[in-house]
1. Mind listing whichever residues of region 141-164 are open to solvent by 60 Å² or more (accessible area, probe 1.4 Å) and under 20 Å from Gln31 (Cβ atoms)?
2. Can you tell me which residue in region 383-411 is farthest from Ile303 (Cα to Cα), limited to those that are buried (at least 18 other Cβ atoms within 10 Å of the Cβ) and of a type in the set (Ser, Thr, Tyr)?
3. Could you grab me the full set of residues in region 253-264 that are open to solvent by less than 10 Å² (accessible area, probe 1.4 Å) and either out of contact with any helix residue (DSSP H, G or I) (no Cβ under 7 Å at 6 or more places or on another chain) or in a helix (DSSP H, G or I) (or both)?
4. Give region 265-302 a look and list any residue that's under 20 Å from the mean Cα position of the chain (by Cα), under 24 Å from Gly8 (Cβ atoms) and open to solvent by 20 Å² or more (accessible area, probe 1.4 Å), or say none.
5. Give the residues of region 17-46 that are open to solvent by less than 10 Å² (accessible area, probe 1.4 Å), of a type in the set (Gly, Ala, Ser) and closer than 18 Å to Lys278 by Cβ, sorted by residue number.
6. Given the structure, is Arg387 touching a Pro at 6+ places or on another chain (Cβ under 8 Å) and either of a type outside the set (Ser, Thr, Tyr) or modelled with pLDDT of 95 or more (or both)?
7. Just to be sure I understand, how many residues within region 50-74 are over 16 Å from Val122 (Cα atoms) and not basic (Lys, Arg)?
8. Of the numbered conditions (1) at pLDDT 95 or above; (2) within 12 Å of Thr196 (Cβ to Cβ), Lys133 satisfies every one except a single condition; which is it?
Amino acid sequence: MLVFKFGGASVKDASGMVNLANVVKKYEHDQLLIVVSAMGKTTNALEKLTKAYFNRDENIYEIFEDIKQYHYGILNELFESADTVFDEVENTFVEIDWIIEDEPHDDYDFIYDQIVSIGELVSTRIVAAYLNKTGLKSRWLDVRGYVHTDNTYREGLVQWDKTKASINRDIPGILENSIVVTQGFLGGTSENFTTTLGREGSDYTASIFAACLGAESVTTWKDVPGILNADPKFFADTIKFDELSYSEAIEMTYYGASVIHPKTIKPLQNAKIPLLVKPFADPNAPGTVIKEHSNSIFIKPIIILKQNQVLLSLSAKDYSFISENHLSGIFGLFAQNHVKVNTMQISALSFTVCIDFYEDRFKKLLQDLGQHFRVKYNEGLTLITVRHYSPASLKELTAGKTILLEQVSRNTVQMVIK
């Protein structure tokens, strides 16, 4: 039994859908569960729609119409106008109509999950319909009935026992007769509300299903030849890894490598299921295999960039030392506001952290911290993480830059720069 995950870039247009079907055709004799992301940049567009709705902007319906027309354009290239998939997609989009007709709920994260999740629900309707049209018998499945989470919106925590029971109750029988097509990124609460698992969470969804079903492997189909040592959008001389160990992949994702969701590896490692990262444009290419043991030699360092960072420094209002009691309270506020720490440094009188900038969460965090500490911060920064570094590589990366914070360990250097 195999699990495939197709990202947004692989289903961004009609030709991508045709290519997806061609890839799946090669495995039609295997039991296959397919996890699909939203099409193209739909998640970004739905985030824009969510913000416009929350702020009651005038362009809500214009944004929504653009999203719908993008999908209908792809549908018109793939299907005859009488195909039932048009109704299925329209009925899914209606859920957004119902939401934006009302005044916004005061919990932004809740609204976000109910709206942004529509991208995956629509894309999988189209994928399942197209596979069936090409003769690949497929069944659409609503992941929200199988991946169960708590009520932490935008960062749903998976309830593993309940999830595994639901998956193993139904899905093995379905796989005996058809391909399963389901959504990445989404989960469901006990109150039947939608949650999301964090941006780029479709990889994690694939690993959840694979771990619960005891899959032979997971393959995530990307717009890159495999896992590279750096992002080719920023570095011209990247190299591909043929294989990586689970532990190295976990380190990379922890520090922000966007090719795999950070939570993806652990369920696969526990079940000893290999993860293959392959290019959807060249399905016969070897890609990268992530497995228990690897003989990787790091000819070049691994470089991970995180942009749009904030460097936040706290000090006690009474000039006292930063103690364990202070740190306990600080981390409690970070957890309460769902803000993750990317790197940190402590001195006698200050505590400095680098975090991702999300405007709504950051404003609330500042309010909470300001009640107890003096707060200073810098915005618009970049966090560079370098693994298996050399002095020459660090010098090249920081040339002409100002380093605001630096952390060095045996294998890893982190630098916040502007």
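The values are calculated or read from the model by the stated rules, or taken from the named source; none is laboratory data. Because the structure is predicted, anything quoted here is derived from the model rather than measured. Please note: Cβ atoms are built from the backbone with ideal geometry, for glycine as well, and neighbour counts cover all protein chains shown. We work out accessible area using only protein heavy atoms, side chains counted, and drop any ligands, DNA or RNA first. Shrake-Rupley method; radii C 1.70, N 1.55, O 1.52, S 1.80 Å.
1. Lys164, the sole residue that qualifies.
2. Tyr389
3. Thr253
4. Within region 265-302, Lys266, Pro274, Leu276, Lys278, Phe280, Val289 meet the criteria.
5. Result: Ala21, single match.
6. When the stated conditions are applied, Arg387 passes them.
7. Residues that pass the stated criteria total 12.
8. (2)
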